[in-house]
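A.B. asks: This is the structure I have questions about; it appears just below.
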Amino acid sequence: MNEEEIIEKLQKFGLTKYESLAYITLLKIGPSKATDVTKESGIPHTRVYDVLSSLHRKGFVDIMQGAPRLYKPVNPELVLEKIKEELLTSIDNLKELFIELYRSAHGEDLPEIWTIHGFENTLERAGYIIRSAKNEVLINTPFEFLKLLKEDIKRGRDLIFVIISNFEEIPEWLKKDNIILAKSGGAPWLMASWIIGDIDYALFFGALPKDKRKEKFYSFWGKSARLIQNYMHWFYTIYLDNSQLVKPLNYESIKKPVTLLNIRTLITVLKQAELPKKAEVIGRSVEDKSEITLSGEIVDYEYTPLTASITLKDEKGKEWKIGGLGSYFEDVEGGKFILLD
């Protein structure tokens, strides 16, 4: 790398051309008088004192008092480490400002979507989604891939699983009380894979590779509550609603209370449990977006490809229409649904 390239890079870190040239000169000749810096660098004598003083303020040069005054270059490793720390701090601060700006306009964090390269990386992410979930996991995938998630599924004792696959026979490890199983329809497109955990993470990919070692393989990883709500909607309306239920939830045997975050998961559970059900709902008023917590009994629900809602009768006998995130026809936008019995 020549001096011109070094000067260009230093300018990107906030130094002027003369400051960059003076620092490089001092590195070459060592502690020097201002007149020596002028002689070696070509910086005009009328500018050199201002340039060296500015380098001192920025931490690139130490001033050795005496007669004459000498200017000593600070160790480049220390200078670059200081630049690195300041740059990372600035990036973190800017990131927080961007997120806050987006959140103030949209009411949520910036959606994050990445492309995952490689089958093993995809498998690791799928396992992570299950391990990090606290309430519910939705899975639509060929049984070949589902078997690779066996240990993570077995450990998820306090989760509600809704799993769709092309089962031939149901293995024992999928016969747990907290698992709902459905057999996918015959259309090949129904076997695109989704692994969704709570409203935190979602993973999507198409057909499995025939040769996992040689074929290029990509999946897509998403993190955004409202985006994942849409994914959940598609999971139910495209996949579950076009599949055959082969194992219901054993609601009476699972641990209570049951906390769910998606309205369609809630209704799927309610379909396999008798109403009414004591429940608590935490959400926001659709009218003014104020936070609201309701307690009472779920006495009814509505489930179509376009709408999903429950009716909750509170302790005073008032009935509330409650939907999921993004609700605008209902009374309440539900964010958390807690079944108490």
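A.B. asks: So Asp62 fits all but one of (1) open to solvent by 60 Å² or more (accessible area, probe 1.4 Å); (2) part of a helix (DSSP H, G or I); what number is the exception?
C.D. replies: Exception for Asp62: condition (2).
A.B. asks: Would a scan of region 219-227 turn up a residue that is assigned to a strand (DSSP E or B), in contact (Cβ under 8 Å) with a residue 60 or more places away in the chain, open to solvent by 70 Å² or more (accessible area, probe 1.4 Å) and out of contact with any Cys (no Cβ under 9 Å at 6 or more places or on another chain)?
C.D. replies: Yes; the residues of region 219-227 include at least one that is assigned to a strand (DSSP E or B), in contact (Cβ under 8 Å) with a residue 60 or more places away in the chain, open to solvent by 70 Å² or more (accessible area, probe 1.4 Å) and out of contact with any Cys (no Cβ under 9 Å at 6 or more places or on another chain).
A.B. asks: Considering region 251-273 alone, what residues qualify as being closer than 21 Å to Tyr236 by Cα, of a type outside the set (Lys, Arg) and part of a loop (DSSP other than H, G, I, E, B)?
C.D. replies: Going residue by residue through region 251-273, those that are closer than 21 Å to Tyr236 by Cα are 251, 258-273.
In the following step, the residues that additionally are of a type outside the set (Lys, Arg) were identified as 251, 258-263, 265-270, 272-273.
Hits for region 251-273 are Leu261, Asn262, Gln272, Ala273.
A.B. asks: A further question on this structure: Looking only at residues in region 1-24 that are in contact (Cβ under 8 Å) with a residue 12 or more places away in the chain and outside any helix (DSSP H, G or I), which one is least open to solvent (accessible area, probe 1.4 Å)?
C.D. replies: Leu15
A.B. asks: Oh, and also: Against the definition (of a type in the set (D, E, K, R), open to solvent by 30 Å² or more (accessible area, probe 1.4 Å) and part of a strand (DSSP E or B)), how does Asp300 come out, yes or no?
C.D. replies: yes
A.B. asks: Of the residues in region 34-59, how many are surrounded by 14 or more Cβ atoms within 10 Å (Cβ to Cβ), part of a loop (DSSP other than H, G, I, E, B) and out of contact with any Phe, Trp or Tyr (no Cβ under 6 Å at 6 or more places or on another chain)?
C.D. replies: Number of matching residues: 1.
A.B. asks: Please state which one of Lys176, Lys210, Lys216 is farther than 25 Å from Asn121 by Cβ, assigned to a loop (DSSP other than H, G, I, E, B), out of contact with any Ser or Thr (no Cβ under 9 Å at 6 or more places or on another chain) and open to solvent by 20 Å² or more (accessible area, probe 1.4 Å).
C.D. replies: Numbers: Lys210 fails: farther than 25 Å from Asn121 by Cβ; Lys216 fails: farther than 25 Å from Asn121 by Cβ.
The match here is Lys176.
A.B. asks: Which one of these does Leu149 not meet: (1) farther than 22 Å from Ala225 by Cα; (2) open to solvent by 60 Å² or more (accessible area, probe 1.4 Å); (3) touching a strand residue (DSSP E or B) at 6+ places or on another chain (Cβ under 8 Å)?
C.D. replies: Result: Leu149 fails condition (2) only.
The values are calculated or read from the model by the stated rules, or taken from the named source; none is laboratory data. Being a predicted model, the structure only gives us computed values, none of them experimental. Here the Cβ is made from the backbone with ideal geometry for all residues, glycine too, and neighbour counts use every protein chain on show. Side chains are part of the model used for accessible areas, which takes the heavy atoms of the whole protein and leaves out ligands, DNA and RNA. Shrake-Rupley method; radii C 1.70, N 1.55, O 1.52, S 1.80 Å.
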